[in-house]
Amino acid sequence: MIIVGGGPAGLAAALYTARMDLKTAVLDRGPLGGQLLNTELVEDYPGFESILGSDLAMKMGEHARKFGVDIRDFEPVKEIDVEADTHYKVVRLESGEEVRAPALIMAAGGLPRYLEVPGEKEFWGRGVSYCAVCDGAFFKGQELAVIGGGDAAVEEGDFLTRYASKVYIIHRRGELRAQPILVDRAQANSKIEFILDAHVKEIVGGDQVQTVSYEQHGETKQLEVGGVFIFNRHRPQHADLDRRHLGRRRRARAADQADRDRGRRRDDGRGRRLVVHHLLEGRRPTLTAQLF
């Protein structure tokens, strides 16, 4: 079994496959942990009242290794293919090595979803960030803008107040989507101010970010800040999986459903198709591992 992705979904899947006595390899382009490494505190994971994201990632990795999982971090995947005759999955690494197995689980996680406003990409790394834990310390004493209204935006905004003199949380709706416990905590923080019903239009600056332009109730306003942290959810990272294989899997799944509708169970001799779910609810995105 090959598992692409070493975040919570990939490690949970690896734990189960290893316990089934399947030889399992986990491939990840970076260190183990996925989005957990961008999280300071995890307070909504069963069994832990409060734990650092990096510590939880380490415990997950140790747990998987205990059952013999071959964890290979810092192994970027170049491409994935399927052998026509054996239907084996072939994973080609950027190092030139090939890894083959009868089944593959994609658990590659997600990437930040961009706002797609002028100045966002131009100032990425020069005041625009998608990770408060990674970059917050670079903005000591500055006023910052956090874009978003979900758990990540509110919790990371609260985290940034340990460095910033002021944090503005800008959300396009009139109400926040974050958990009430996180909203209550942020509202009790004197360094946080909420700007609701506001649509960000542009990020402006020189060498660094200087201003966020937004529209609120039909009026365009400017907010002077030293940095902008964007938490606009994530999009699945399946770029390494060839589109034709995704299409093949969708067609096979549709055929399976058609057979079930006719009261028959379809078996094409290539084994079961399973979906292994591992959910992290709350501020982190839902992560799903799928077997191909």
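Here are the numbers for this structure:
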{"quantity": "Yes/no for TYR130 being hydroxyl-bearing (Ser, Thr, Tyr) and more than 15 Å from ASN232 (Cα to Cα)", "calculated": "no"}
{"quantity": "Residue under evaluation VAL82, criteria (1) touching a residue at least 40 places away in the same chain (Cβ under 8 Å); (2) within 17 Å of VAL26 (Cα to Cα); (3) more than 20 Å from the chain's Cα centre (by Cα), criterion not met", "calculated": "(2)"}
{"quantity": "Flag if ALA152 is modelled with pLDDT under 95 and either open to solvent by less than 40 Å² (accessible area, probe 1.4 Å) or of a type in the set (Asp, Glu) (or both)", "calculated": "yes"}
{"quantity": "Unmet requirement for ALA101, which otherwise passes all of (1) in contact with a Gly (Cβ under 8 Å, 6 or more places away or on another chain); (2) surrounded by 15 or more Cβ atoms within 10 Å (Cβ to Cβ)", "calculated": "(1)"}
{"quantity": "Matching residues, the stretch 156-176, being over 15 Å from CYS131 (Cα atoms), open to solvent by less than 50 Å² (accessible area, probe 1.4 Å) and in a loop (DSSP other than H, G, I, E, B)", "calculated": "HIS171, GLY174, LEU176"}
{"quantity": "Close pairs (6 angstrom Cβ cut-off, 6 or more residues apart or separate chains): in a helix (DSSP H, G or I) in the stretch 4-18, not aliphatic (A, V, I, L, M) anywhere", "calculated": "PRO8/HIS278; ALA9/HIS278; ALA12/HIS278; ALA14/THR24; THR17/THR24; ALA18/THR24; ALA18/PHE67; ALA18/GLY68"}
{"quantity": "Some residue of the stretch 117-124 being in a loop (DSSP other than H, G, I, E, B) and aromatic (Phe, Trp, Tyr)", "calculated": "yes"}
{"quantity": "Any hit, the stretch 211-219, residues being open to solvent by 50 Å² or more (accessible area, probe 1.4 Å), free of Cβ contacts under 8 Å to residues at least 24 places away in the same chain, in a strand (DSSP E or B) and among the charged types (D, E, K, R)", "calculated": "yes"}
{"quantity": "Filtered residues of the stretch 46-66 (kept if acidic (Asp, Glu) and either in a helix (DSSP H, G or I) or at pLDDT 95 or above (or both))", "calculated": "ASP55, GLU62"}
{"quantity": "Residue within the stretch 106-118 that is modelled with pLDDT of 95 or more and either among the aliphatic types (A, V, I, L, M) or closer than 30 Å to ILE181 by Cβ (or both) present", "calculated": "yes"}
{"quantity": "Long-range neighbours under 8 Å by Cβ, at least six apart or interchain, first residue under 21 Å from PHE74 (Cα atoms) and touching a residue at least 60 places away in the same chain (Cβ under 8 Å) within the stretch 92-118, second in a strand (DSSP E or B) and among the hydroxyl-bearing types (Ser, Thr, Tyr)", "calculated": "ALA107/THR288"}
{"quantity": "Odd one out for GLY7, checked against (1) open to solvent by 50 Å² or more (accessible area, probe 1.4 Å); (2) in contact with a helix residue (DSSP H, G or I) (Cβ under 9 Å, 6 or more places away or on another chain)", "calculated": "(1)"}
{"quantity": "Residues of the stretch 36-69 that turn out to be open to solvent by less than 70 Å² (accessible area, probe 1.4 Å) and either farther than 27 Å from ASP151 by Cβ or hydroxyl-bearing (Ser, Thr, Tyr) (or both), as a count", "calculated": "6"}
{"quantity": "Residue satisfying all of: in the stretch 70-98; open to solvent by 70 Å² or more (accessible area, probe 1.4 Å) and among the hydroxyl-bearing types (Ser, Thr, Tyr); farthest from MET20 (Cα to Cα) among these", "calculated": "SER95"}
{"quantity": "Which numbered condition VAL133 fails, given (1) surrounded by fewer than 19 Cβ atoms within 10 Å (Cβ to Cβ); (2) free of Cβ contacts under 8 Å to residues at least 40 places away in the same chain; (3) in a helix (DSSP H, G or I)", "calculated": "(2)"}
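The values are calculated or read from the model by the stated rules, or taken from the named source; none is laboratory data. These numbers come from a predicted model, not from an experiment. When we count neighbours, we look across all protein chains shown, and the Cβ atoms used for this are built from the backbone with ideal geometry, even at glycine. Side chains are part of the model used for accessible areas, which takes the heavy atoms of the whole protein and leaves out ligands, DNA and RNA. Shrake-Rupley method; radii C 1.70, N 1.55, O 1.52, S 1.80 Å.
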